[in-house]
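Only the coordinates and a few stated rules stand behind these numbers; no lab work does. A quick note: this is a predicted structure, and the numbers were derived from the prediction, not measured. A quick note on method: Cβ atoms are made from the backbone with ideal geometry, for glycine too, and the neighbour counts reach across all protein chains shown.
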Amino acid sequence: MKIAIDGHSSCGKSTLAKQLAKHFGFTYIDTGAMYRTVTLYSMRNGLIKNGSIDETALQSKISGIKVGFKKDGHATLDGEDIEREIRSLDVSKNVSKVAALKFVRKEMVTLQRKMSQDSSVVMDGRDIGTVVFPDAELKIFVTARDEVRAQRRYDELKAKGEQTTFQTVLENLRQRDFLDTTRDVDPLIKADDAILLDNSDMTLEQQFDVARKLVTDRME
Ligand code: DC
C-alpha cells in the first residue's frame, strides 16, 4: 500500500506521516529531507553562493550524491547523519531553488520509487500524489493557515536554539510556498483524488484520528 501525503511547508505532514507509519507498520519516507540533503551537499561544496546555484556543476555531481536514511529515520549524506543541519534556516532558504531543478527531481523521484519497492510506505512531500505515486491507494493533501504554520515552525526552531524571529520564519515559509506552487517542474498542487485536510484548528491527536480512519477505510 502506498500513502501519499502532500502539502504546504511546515503544515505537519511529516508528523502525521510518521504517526501513520508507526501505527500501521509501514516505512516512512521524508522526501523533503532528500531535497534538503542535496541542498546541504551543494552548500558544503561551493555550488550555492549567495543564493545562486551553479547548475552545471550540480548536474554533473547529482548522480553521485549519496542521499539516504538511517534506521532511525535520520537523513544521511554519504553515510553521515546530517538530520540536524538540513533543518537549519540556511538550508531552508536555499532548498526550494534546488528542488525546482528538473535533473534534481528526476534523480530523487527515481530514488523514492526504488526505496518503496519492497514495502508499504507513507511518503510525504509535494509531488507524491501527482508524480511519484499517481496510483497511490490513499492521497492526503495537508494544509493550515500560514500564520499557524509559521508559529509552529518558529517554536520548533527556538526549541533547537536557532536565533530567529517569527517574521523571518513567516517570510521564509511564504517564499517557499510561492516557489513550490509556481515552479515549472512538478509544482505543489492537490491531486484531484486527494483528500484535503486543513489542520489549522486541530490538535495532533484529532488530525491523526481523521487520517487513521482514512487509511483503515482504504485497507478495507
Ligand atoms: O517538506 P520540506 O519543507 O522538508 O521540503 C523542503 C523543500 O523541498 C520544499 O521547499 C519543497 C521541496 N520538496 C519538493 O519539491 N518535493 C518533495 N517531494 C518534497 C519537498
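Build a GNM of the chain with springs between Cα atoms under 10 Å apart, and of G161, G32, G12 the one that fluctuates most is G161. A Gaussian network model of the chain, with springs between Cα atoms under 10 Å, assigns the largest mean-square fluctuation among V38, V131, V95 to V131. For S120 and D184, compute 0.36 nm times the residue count separating them, minus their Cα-Cα distance, and round to one decimal in nm. Stretched fully, the S120-D184 segment lengthens by 20.0 nm. So which of K13/K160; K114/K158; K158/K190; K61/K97 end up more than 27 Å apart by C-alpha? Exceeds cut-off: K114/K158; K158/K190. One equal scatterer on each Cα of region 151-220, no solvent, Debye formula: the resulting log10 I(q)/I(0) at q = 0.14, 0.26, 0.29 Å⁻¹ is -0.71, -1.09, -1.15. Residues of region 107-141 with an amide N closer than 14 Å to a point placed 7 Å from the Cα of S63 along the Cα-to-Cβ direction: 107-108, 110-111. Projecting label points 7 angstrom from Cα along Cα→Cβ for R84 and T165 puts them 2.7 nm apart.
If R0 is taken as 25 Å, the Cβ-Cβ distance between R174 and T216 corresponds to a FRET efficiency of 0.10.
Note on region 110-180: Kirkwood hydrodynamic radius from all Cα pairs is 14.5 Å, rounded to one decimal.
For region 52-148, the list of trypsin sites (Lys or Arg not before Pro) that fall in a loop by DSSP and count at most 15 other C-beta atoms within 10 angstrom reads K66, K70, K71, R145.
Normalised by the number of residues in region 1-160, the mean separation of alpha-carbon contacts (under 8 Å, six or more apart) gives a relative contact order of 46 percent. Each 5 Å bin from zero up to the one holding the largest Cα-Cα distance in region 73-121 carries the following percent of pairs: 4, 16, 16, 26, 26, 9, 2. Given q = 0.08, 0.16 Å⁻¹, what are the Debye log10 I(q)/I(0) values for the chain, with equal point scatterers placed on the Cα positions and solvent ignored? Rounded to two decimals, the profile gives -0.26, -1.15.
For D209 and D72, a Förster radius of 30 Å and the Cβ-Cβ distance give a FRET efficiency of 0.70, rounded to the nearest 0.05.
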